[in-house]
């Protein structure tokens, strides 16, 4: 215990831990490492599907939509972090599944 105010000296403000956070506190998706990578995956998927599959093949639409969904769910999950971590985590998991 700290002799001056009766509190334990081991209790620190949570702000000191914010620099080592896994997820940014304000929902800024552009600072995440996963968002620019998801953009690259989308761009490459779009080009690959258009180049190597026959026009009209449903696989093209499925691949492109999945890549787009991954990117958008990262963005939406990050923005949801402004109010709650639960939807952020759920949307991030959906993004991961889409990109896999």
* Structure fact -> In nm, the gap between the two label points placed 7 Å beyond Cα toward Cβ at residue 28 and residue 97 is 3.1 nm
* Structure fact -> Within the range 62-100, the residues whose backbone N lies under 18 Å from a label point placed 7 Å from the Cα of residue 53 along the Cα-to-Cβ direction are 62-72, 97-100
* **Shape parameters for the range 23-99, alpha-carbon atoms, Rg then Dmax in Å** => 13.8, 44
* Structure fact -> the range 35-49 and the range 74-100 have their Cα centres apart by a whole-number Å value of 18 Å
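Every number here is computed from the coordinates shown, using simple stated rules; none is lab data. This is a predicted model, so every value here is computed, not measured. Cβ sites come from the backbone with ideal geometry, for glycine too, and all protein chains shown count toward neighbours.
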